[in-house]
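Since the structure comes first, as structure tokens, the remarks are kept for the end.
Read-outs throughout are calculated quantities, based only on the coordinates presented, and are distinct from any laboratory measurement. Everything numeric in this text was worked out from a predicted model, so none of it was measured.
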Amino acid sequence: MNLFTDIRALVIDSLTALQAEGTLPEGLDFANVTVEPPRDAAHGDMATNAAMVLAKPAKMKPRD
């Protein structure tokens, strides 16, 4: 495992917890959630696409 894989696992755990508390709907597919270096280094060390890939299936806006 590398650092990005470890952080992705933490993101997935957090998303699963949000489902358990009812903030996110059940049945979302987390397979397309990624954690990677951002395109622009000025934006930090890591980026995830979780909000973008889960917004539509969750019937929410990415910023919600």
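Our estimate of slack between PHE4 and GLU36, defined as 0.36 nm per intervening residue step minus the Cα-Cα distance, is 10.9 nm. Go through (i) 17.3, 55; (ii) 12.3, 40; (iii) 12.3, 35 and flag the label whose value is the computed Rg and Dmax of the Cα atoms in Å for this structure. So the calculated entry is the one marked (iii). Between the Cα long axis of helix 3-20 and the first principal axis of the chain there is an angle of about 20°, rounded to the nearest 10.
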